[in-house]
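Each reported figure results from applying straightforward, stated rules to the coordinates on display, with no laboratory input. Model, not experiment: these values are computed from the prediction. FYI the Cβ positions are ideal-geometry reconstructions off the backbone, even for glycines, and counts take in every protein chain you see.
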Amino acid sequence: MMPPRNDRSNAPAVSVPTPAQLLLDWTRGGISGPDVRESAKTLGELQGLFGDEQSFKAMDPMREIYRVRVASNVPAGEEGGLLWGVTVLQPGKVGDEFFMTHGHFHADRTRAEFYATVAGEGILLRMDGERRTWGEAMSANTLHYIRGEHAHRVANVGSEPLIFWACWGSDAGYDYKTIRQSGFSARVVERDGAPRIIFHE
Ligand SMILES: [Fe+2]
């Protein structure tokens, strides 16, 4: 493709520098272009997060639960930049608890995030610093603004992959440790064929 040109008649044609292009496969959660990082999270890597340990042990630890693609247009940690990524979270359950992401706080509690859902059905769990947890329904075309001080985790409560895009500060950082140690104060489980949020502490 030819780069765009400056067409002012009183100036010589000048090539406009074209930044590295990223192309999105919006509804399927694809990003192509330079510096796209992709990682998968297996069930085994989520050990200790699901309530039903017996059911967990009976399942394949190599089973992929979710996959994340991030456009690394700025180095993580760079102040003032934005990161852009997508998560594809598979359907399924451990016992009666729906597959979910690990969940995290941002290391910098002032850094917020957007989640925009394009496919599937989910519940976004948010938890504040006092461990008050609540759920927000995710489905195609919902947009969630997550305040910087709220931990966030997503459960897939549907039968298809849940796909959501995210935009967050490159200097937000990740605090997984707090969730690893204390979890959320609620779980998303199936009761009578429907998703339900169960508060357990
Ligand atoms: Fe986040």
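Things worth noting here:
- For the range 10-126, the alpha carbon convex hull comes to 159 Å³ per residue, rounded to a whole number.
- Gyration tensor (alpha-carbon) shape descriptor, the range 94-162, a/c threshold 1.5: oblate
- For Lys177, the lysines whose Cα falls under 18 Å of its own Cα, not counting residues fewer than eight places away in the same chain, are Lys41.
- Most simply put, the range 16-175 has about 100% antiparallel DSSP beta bridges, counting only bridges with both residues inside it.
- Using a Förster distance of 30 Å, the FRET efficiency for Thr110-Arg180 (Cβ separation, nearest 0.05): 0.85
- The range 179-201 and the range 87-157 have Cα centres separated by 12 Å.
- The alpha carbon convex hull volume per residue for the range 27-196 rounds to 107 Å³.
- Between Asp35 and Ser55, the FRET efficiency estimated from the beta carbon spacing at R0 = 45 angstrom works out to 0.70.
- Förster radius 45 Å - calculated FRET efficiency between Glu78 and Glu45, Cβ distance, rounded to 0.05: 0.95
- Other residues whose C-beta falls under 9 angstrom from the C-beta of Thr101 contribute a net charge of +2, scoring Lys and Arg +1 and Asp and Glu -1.
- Computed per residue of the chain from DSSP H runs no shorter than four, each worth -39500 (n - 2.57), the mean residue ellipticity at 222 nm is -1000 deg cm²/dmol.
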